[in-house]
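Right, one structure below, let's go through it.
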Amino acid sequence: MVAERSGRRVVRLVERNSGQELPLKGLQWGMPHRSPSLSWNGRYLALILQRGERGEIVVLDRALGLLRPLPLPGDRLPQALSMSPDGKRLAVQLLHRGQQDVELFQLPAHEADLAPGTPLP
């Protein structure tokens, strides 16, 4: 979910059954976040970090605690994200010269997410 903290939008990951907030190591909480998208088991979390006027896409591997940026070509501005269930592809809605497009990015450094129902280490 996206929640307000100190006047900024931040992504929070809350376990549905227990209501417990899960840690998102590596995310910078001082920056506004938006458009979170999870892989099927929650191993990968993609989101947009707002850096000044620009949005930057990052993907957090919760199992390894790694945060990887997804560089965008040219002057494209990310608007929304949707991750594939296995965490290997990311659809990105982009604004470019006043036009909205959707591009699909392969995330080659990612191994497929764990099987559904498998707990993260």
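Some observations on this one:
- Each peptide in 37-48, 53-64, 11-22 receives the mean, over its residues, of other Cβ atoms within 10 Å, and ordering these scores from highest gives 37-48, 53-64, 11-22.
- Whole-percent carbon and sulfur share, accessible surface of the range 2-85, 1.4 Å: 49
- Distance histogram in 5 Å bins (all Cα pairs of the chain, percent per bin): 2, 11, 21, 24, 20, 13, 6, 2, 0
- Relative contact order (percent, whole number), the chain, Cα cutoff 8 Å, 6+ residue spacing: 18
- Taking every alpha-carbon pair within the range 1-60, the share separated by more than 15 Å comes to 49 percent.
- Amide hydrogen proximity for Leu22: with H placed 1.01 Å from N in the peptide plane, the residues at 5 or more positions away or on another chain lying under 5 Å are Leu13, Val14, Glu15.
The values are calculated or read from the model by the stated rules, or taken from the named source; none is laboratory data. Since the structure is predicted, the reported quantities are computational estimates derived from the model, not experimental observations. Please note: Cβ atoms are built from the backbone with ideal geometry, for glycine as well, and neighbour counts cover all protein chains shown. Just so you know, the surface numbers come from the protein's heavy atoms only, side chains and all, with ligands and any DNA or RNA stripped out. Shrake-Rupley method; radii C 1.70, N 1.55, O 1.52, S 1.80 Å.
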